[in-house]
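One structure is given here, and the rest of the page talks about it.
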């Protein structure tokens, strides 16, 4: 769903899929447009969108213009911050998907939604 729209963007775009209680998509919201290799995102913008939509869960996404969907250390750190903020807000962060060209990487599938100090 997101690859065709964001896979070939020349700069980073960060957004969220806002989900209802059954995890149906309420809407897609673009939160930040950055540069060739960075996008500044704060939990307040992400969760403002979620609250406004009445979302109970969300999926983070952003693109990598480089063509490589592998997450950076900053991507993993940002994901942890968002998961923690979501726990405080009562809004689940289900995944963070990184899109690049015709591919994507799911941090959930990689096991990167759990903070390093808590991993088994």
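No lab work stands behind these numbers, since they all come straight from the coordinates. This structure is a prediction, so every number in the text was calculated from the model and none was measured. All Cβ positions, glycine included, derive from the backbone under ideal geometry; neighbour counts span all protein chains shown.
The table for this structure:
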quantity: Cα pair distances of the chain binned at 5 Å [whole percent]; calculated: 2, 12, 24, 25, 20, 12, 4, 0
quantity: Sites residue 9 and residue 52, calculated FRET efficiency, Cβ-Cβ separation with R0 35 Å, nearest 0.05; calculated: 0.90
quantity: Förster radius 30 Å - calculated FRET efficiency between residue 1 and residue 84 (Cβ-Cβ, nearest 0.05); calculated: 0.70
quantity: Inter-site label distance for residue 101 and residue 28 at 7 Å from Cα along Cβ, in nm; calculated: 2.0
quantity: The chain, helix-only ellipticity at 222 nm - DSSP H runs n ≥ 4, -39,500 (n - 2.57), divided by all residues, nearest 500; calculated: -8500 deg cm²/dmol
